[in-house]
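The values are calculated or read from the model by the stated rules, or taken from the named source; none is laboratory data. Quick caveat, the model's predicted, so the values are computed rather than measured. With ideal geometry, Cβ positions are generated from the backbone for all residues, glycine too; neighbour counts draw on all protein chains shown. Only protein heavy atoms, including side chains, enter the accessible area calculation; ligands, DNA and RNA are left aside. Shrake-Rupley method; radii C 1.70, N 1.55, O 1.52, S 1.80 Å.
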Amino acid sequence: SHVVWNRTRELETSARLGDAGALGALIRALGHTFRPVVEAAAAALGRIGNGAAIGPLLQALEEKNPRPNGPLRLVLITALGKLGGEAAIGALVEALNDQFEYNREAAA
């Protein structure tokens, strides 16, 4: 929904300006039950580029158990690919062997 994306963009902008509360709100949103909220937060965290999001993104990938061909999996893999880092390597290597090409490309 537009409300979700608009609020996420506001938090993303604030987090980019150094607002730790906004970054924390985006990380907490990964635990939301409404998948579009999780997708929007994951996408924003990938764009922000703060390594503090790697652990929560990995946790969301594991706990949310997104469908292999679903948008949530793609968004989480894309965010992890943008952030990189040692902690994300395992999930990214696994995604390189994904059955869906777009997930493999996001991990590369």
Item to complete: Would you mind calculating the relative contact order of the chain from Cα pairs under 8 angstrom and at least 6 residues apart, reporting the percent as a whole number?
Response: 21
Fill in: Accessible area (Å², 1.4 Å probe, nearest 10) - LEU96
80
Item to complete: State the percentage of accessible surface on the chain attributable to carbon and sulfur atoms; use a 1.4 Å probe and exclude ligands, DNA and RNA.
Response: 53
Fill in: Accessible area in square angstrom per residue, the chain, 1.4 angstrom probe
55
Worksheet item: Using a simple charge model, +1 on the beta-carbon of Lys and Arg, -1 on the beta-carbon of Asp and Glu, nothing else, what dipole does the stretch 3-85 show about its Cα centre, in debye to the nearest 20?
Response: 180
